[in-house]
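The structure under discussion appears below in the form of structure tokens.
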Amino acid sequence: MMPRKQLQQAFALVSFVSFFGSTIYGAIGAINAANQQLAASTPKAVPSVESQVQAQAKGYEMVLQREPENQVALEGLVTARLQLYSN
């Protein structure tokens, strides 16, 4: 059997390693959580207004290819093009 002094030293070493290991594990978890929260709150790339209007115009053009007499698509295309050329 180990002498009492060596047993106390071994117990102290295991205690210190456990304490610091759990502290480091907790710190890493907190850092990861903060990084995930930061990534979630970072705004994603939002398409510009011009590219959105261009996409709308393209959609109206596609509708007009299928339905040349569609008044709603024709008005939408005119509005979209006016927005594009007025800026």
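The values are calculated or read from the model by the stated rules, or taken from the named source; none is laboratory data. Predicted model only: the values in this text are computed from it and were never measured. With ideal geometry, Cβ positions are generated from the backbone for all residues, glycine too; neighbour counts draw on all protein chains shown.
Annotations for the structure displayed:
- Scanning the range 4-58 for residues that are at pLDDT 85 or above and either within 30 Å of L77 (Cα to Cα) or not in a helix (DSSP H, G or I) (or both) yields S48, V49, E50, S51, Q52, V53, Q54, A55, Q56, A57, K58.
- Any chance Q54 is surrounded by 11 or more Cβ atoms within 10 Å (Cβ to Cβ) and polar (S, T, N, Q): yes
- Enumeration of residues in the range 24-51 that are charged (D, E, K, R) and surrounded by 10 or more Cβ atoms within 10 Å (Cβ to Cβ): E50
- Filter result (small (G, A, S) and either over 15 Å from the mean Cα position of the chain (by Cα) or under 30 Å from L82 (Cβ atoms) (or both)) within the range 1-50: A10, A12, S15, S18, G21, S22, G26, A27, G29, A30, A45, S48
- Among the residues of the range 70-87, the ones that are over 11 Å from V53 (Cα atoms) and either touching a residue at least 12 places away in the same chain (Cβ under 8 Å) or surrounded by 14 or more Cβ atoms within 10 Å (Cβ to Cβ) (or both) come to 4 in all.
- Residue that is modelled with the lowest pLDDT [pool: residues in the range 73-87 that are touching a helix residue (DSSP H, G or I) at 6+ places or on another chain (Cβ under 8 Å) and part of a helix (DSSP H, G or I)]: L84
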